[in-house]
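What follows is a single structure, written as structure tokens, with notes after it.
The values are calculated or read from the model by the stated rules, or taken from the named source; none is laboratory data. Remember, it's a predicted structure, so these values are computed and weren't measured experimentally. Positions of Cβ are generated from backbone atoms using ideal geometry, with glycine treated the same way; all protein chains shown enter the neighbour counts. Accessible surface areas use protein heavy atoms only, side chains included; no ligands, DNA or RNA. Shrake-Rupley method; radii C 1.70, N 1.55, O 1.52, S 1.80 Å.
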Amino acid sequence: MGRALFGVLGLFLLNILLYCGHAQGDSGEYQCVASQKIRPYLIRRSNKVSLSVSAKPKAQLRKDSPVAGRVTLTCSVGSSSSSPSSSSSSSGWKYFWYKDEKTSEPLKTGDDVLLQRGSISPSGGGVYWCRGGRGGRGAPVYYTEYSHPVATNRAVVKPNWPEIYSGETITLTCGIEEGGGSEWEYEWRTPDYYTPPHPRGSMMTSSVRGDYSCKGRLKDGGSTTEWSDAFTVKTSAKPKAQLSKDSVEGRVTLTCSVGSSSSSS
């Protein structure tokens, strides 16, 4: 019985001395060496473990094509030389999502998004970031760099009026729904030409009938919205003003209106 108890105590003391600390910052091979307090000449060596230390990774954020009007964003972590979807590089990562400002609090399940493992499906527009974290028993102790921003906003062409007449010019504005405080550049597709991204291109004027569409591009990161629905500019013949006269109790009232030649306005 005494020998059995001594053996248990010896194993207990050996376990105490097996903790070898942790390595940080250096690549190479690491090995633990353990000995008993009561028999320091009894030494046990662990197997060797290779540790490779790389530069701090940056999360990768991908936007998939909309399905039923809803996009899916996928966040992953990998080395700069490997595919972002590499399962070996992404092992152990938890993903944190941020909307409109990457310094904001991470999104939660009830924040108007459908959260899955590494993916979200926003129900509205916005600018999103993500990053990975791992280590620690609660909150991660190590975080990756933030991903580049990705936009899920919708672009809309807004005219100052719905139709123009021969010789008249219309002004169109490219609006970004739920654009927040982000800075945008704008692209246009018109019946005649395409305009490259331009920071002052949210408005344009034209006298040409046809389809016009636009999209926004984030200055920070280059992510774009989808192309807006096309707005069709229609032109009509130059209208003629309509003048009507009413007489009440000897007093005449003249009313001028503008409409098509066949209808009153």
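Odds and ends about this structure:
- GluC sites (Glu not before Pro) within the stretch 115-181, DSSP loop, no more than 13 other Cβ atoms inside 10 Å: Glu168
- Fully extending the segment from Thr169 to Arg200 would add 9.3 nm, taking 0.36 nm per residue of separation and subtracting the current Cα-Cα distance.
- Under 19 Å from the Cα of Lys215 - aspartates and glutamates, other chains or at least 8 residues apart: Asp64, Asp100, Glu177, Glu178, Glu183, Glu185, Glu187, Asp192, Glu226, Asp229
- With each label modelled as a point 7 angstrom along the Cα→C-beta vector, the Thr103-Arg45 pair spans 5.2 nm.
- Counting Lys and Arg as +1 and Asp and Glu as -1 over every other residue whose Cβ lies under 10 Å from the Cβ of Asp111, the net charge comes to 0.
- Rolling a 1.4 angstrom probe over the protein heavy atoms with all chains in place gives the stretch 143-265 an accessible area of 62 Å² per residue.
- The listed peptides 137-144, 71-78, 250-257, 182-189, ordered by packing as a protection proxy, come out as 71-78, 182-189, 137-144, 250-257 (highest mean of other Cβ atoms within 10 Å first).
- The residues neighbouring Tyr165, those whose beta-carbon lies less than 13 Å from its own, together hold a net charge of +2 under the Lys/Arg +1, Asp/Glu -1 convention.
- Extension gain, Val33 to Asp220, is 62.3 nm, computed as 0.36 nm per intervening residue step minus the present C-alpha separation.
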